Amino acid sequence: MISKHSTVSGAHFAFTDRWGGVSAVPYEELNLGGAVGDDAESVRANRALAATSLGVEPDQVVWMHQVHGREVAVVEGPWGPDAELPAVDAVVT
């Protein structure tokens, strides 16, 4: 499930939970993490489901390999389909 919110300032944000995706146990269901051992096709399908439910084209979403640290990637647009995702704690677009 994805909850979409926006504010009067024009900033948009969303929260996801684990329901409504395609990943199998133990990652079930809407696993968006590409580095935890889940099937890569399932993660791609889950990311596409999440993007679509937010009204965004899946190839326009900027994903990251989230680590708990202090590194931030500042980006101007999505990575290419074969790009290695940066290991960062946040992304600023």
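In table form, for the structure just shown:
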| quantity | calculated |
| --- | --- |
| Close pairs (7 angstrom Cβ cut-off, 6 or more residues apart or separate chains): more than 18 Å from Ala83 (Cβ to Cβ) in region 45-63, of a type in the set (S, T, N, Q) and at pLDDT 90 or above anywhere | Asn46/Ser23; Asn46/Asn31 |
| Matching residues, region 77-93, being of a type in the set (D, E, K, R) and at pLDDT below 90 | Asp82, Glu84 |
| Tally, over region 55-64, of residues that are surrounded by fewer than 13 Cβ atoms within 10 Å (Cβ to Cβ) and not charged (D, E, K, R) | 2 |
| Selected residue [charged (D, E, K, R), part of a helix (DSSP H, G or I) and surrounded by 13 or more Cβ atoms within 10 Å (Cβ to Cβ)] from Arg18, Arg47 | Arg47 |
| Of residues in region 67-83 being out of contact with any strand residue (DSSP E or B) (no Cβ under 8 Å at 6 or more places or on another chain) and acidic (Asp, Glu), the one farthest from Gly34 (Cα to Cα) | Glu76 |
| Count of region 38-54 residues which are touching a strand residue (DSSP E or B) at 6+ places or on another chain (Cβ under 8 Å) and either more than 22 Å from Val74 (Cβ to Cβ) or in the same structural domain as Pro78 (by TED's automatic domain parsing) (or both) | 2 |
| Residue list for region 25-37, filter: under 17 Å from Val67 (Cβ atoms) and out of contact with any strand residue (DSSP E or B) (no Cβ under 8 Å at 6 or more places or on another chain) | Asn31, Val36, Gly37 |
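The values are calculated or read from the model by the stated rules, or taken from the named source; none is laboratory data. Every value quoted in this text rests on a predicted model; they were computed, and no experiment measured them. Note that we place each Cβ from the backbone using ideal geometry, even for glycine, and neighbour counts take in every protein chain shown.
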